[in-house]
1. Using only Cα atoms, find the angle between the long axis of helix 182-197 and the longest principal axis of the chain, and express it within 0 to 90 degrees, rounded to the nearest 10.
2. Please say if region 26-125 is rounded, prolate or oblate, where rounded means a/c under 1.5 for a ≥ b ≥ c the square roots of the C-alpha gyration tensor eigenvalues, and otherwise the choice is prolate for a/b larger than b/c and oblate otherwise?
3. Specify the angular offset, from 0 to 90 degrees and rounded to the nearest 10, of the alpha carbon long axis of helix 25-41 from the longest principal axis of the alpha carbons in the chain.
4. Among GLY123, ALA149, PRO93, whose Cα lies farthest out toward the positive end of the dipole of the chain, if unit charges sit on the beta carbon of Lys, Arg (+1) and Asp, Glu (-1)?
5. Any idea what angle helix 70-88 forms with the longest principal axis of the chain, computed on alpha-carbon atoms, 0 to 90 degrees, nearest 10?
6. What is the local net charge at LEU87, summed over the other residues whose Cβ is closer than 13 Å to its Cβ (Lys, Arg +1; Asp, Glu -1)?
7. Is there a quick way to get the dipole size of region 2-222? I mean about its Cα centre, with the Cβ of Lys and Arg at +1 and of Asp and Glu at -1; what is the value in debye to the nearest 20?
8. Determine, for each peptide in 93-105, 137-149, the mean count of other beta carbons within 10 angstrom over its residues, then list the peptides with the highest first.
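The values are calculated or read from the model by the stated rules, or taken from the named source; none is laboratory data. Everything numeric in this text was worked out from a predicted model, so none of it was measured. Don't worry about glycine lacking a Cβ; one is built from the backbone with ideal geometry, like all the others, and counts go over all protein chains shown. Side chains included, ligands, DNA and RNA excluded: accessible areas come from the protein's heavy atoms. Shrake-Rupley method; radii C 1.70, N 1.55, O 1.52, S 1.80 Å.
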Amino acid sequence: MCTLEKRGNIFILTLTGEGEHRLNPTLLESILSSLRRIRQEATGSSALITTAHGKFFSNGYDLAWARSSRERMILMDSLLRSVVNDLLTLPMPTIAAVTGHASAAGFTLALAHDYLLMRSDRGFLYMSELDISLVLPVWFHVILEAKVAMPAARRHIVMTAAKLKAEDALRLGVIDSAHSSADETVEAALDLAASLIKRGWDGHVYAQNRKVFLRRVIQAVEDTSQTSTSRL
Ligand SMILES: CCCCCCCCCCCCC/C=C/C(=O)SCCNC(=O)CCNC(=O)[C@H](O)C(C)(C)COP(=O)(O)OP(=O)(O)OC[C@H]1O[C@@H](n2cnc3c(N)ncnc32)[C@H](O)[C@@H]1OP(=O)(O)O
């Protein structure tokens, strides 16, 4: 599940518990509910930080739940698309404070934020599809293309299923900053959020500019005709 805390104009969405924070309908609906609350409660210039408890930020889709049926895979994909679309249209800056492993759909969830801060002592960013004989959904890659500039870096991430530590992710331009611990990562995210809020932007104008800046990503997220042909 997840919790939502408000500190001044900073919203902190935390994936709770010591588990892998696998993205299944229960967790995805909980995130969607929190994002709806943020839209209702935000007043003035605000920011969102998404983080997690334990050694995982999110270990990706809950394949154990979904493998039994195509319908379940499609539902999981559809709900994650909704979460990502809500993040991409949220009227405030968004920051992922990656305090643990982020795999495949969990990595994509982190990439759906405007900023990505990561702990350097533990945790990988890991597009694991090749290792688990699944095919990367096109929309996952469209997000990766928008966030990671170098083709060689994207090839390393997708075509070698690299387990990126924070120092690798920083060198490859995947993350904005690396920090010595989970607590340091959240502290840095709070500092970044405060500095962005201080600019006093109109959140709806911010969201409209992000829609221009990431228009191809939003198109891909909304285009459900591009579902992957992964093996279940
Ligand atoms: C036909 C259907 C059509 C339908 C249409 C819609 C379909 C849509 C679906 C399509 C699906 C495709 C997309 C898929 C999306 C998904 O999300 S699928 C699920 C993806 N998830 C996974 O694959 C899980 C991957 N995770 C793992 O393999 C592991 O959990 C892990 C991330 C590698 C972590 O493993 P674990 O052993 O738990 O790790 P640790 O014990 O924490 O660490 C291992 C060792 O590494 C050391 N370490 C960790 N971090 C660091 C660091 N930053 N620096 C240095 N060292 C580090 C750690 O200390 C450990 O070392 P030892 O202690 O020495 O072992």
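1. It works out to around 50 degrees.
2. Working: a/c = 2.29, a/b = 1.20, b/c = 1.91.
Taking the square roots of the gyration eigenvalues as a ≥ b ≥ c, region 26-125 is oblate.
3. 20 degrees
4. ALA149
5. 30 degrees
6. Numbers: positive: ARG36, ARG39, ARG81, LYS147, ARG210, LYS211; negative: ASP86, ASP114.
Its environment carries a net charge of +4.
7. Details: 25 positive and 23 negative charges, 93 e Å.
So the dipole magnitude of region 2-222 works out to roughly 440 debye.
8. Details: 93-105: 26.6, 137-149: 18.8.
Ranking the peptides 93-105, 137-149 by packing returns 93-105, 137-149.
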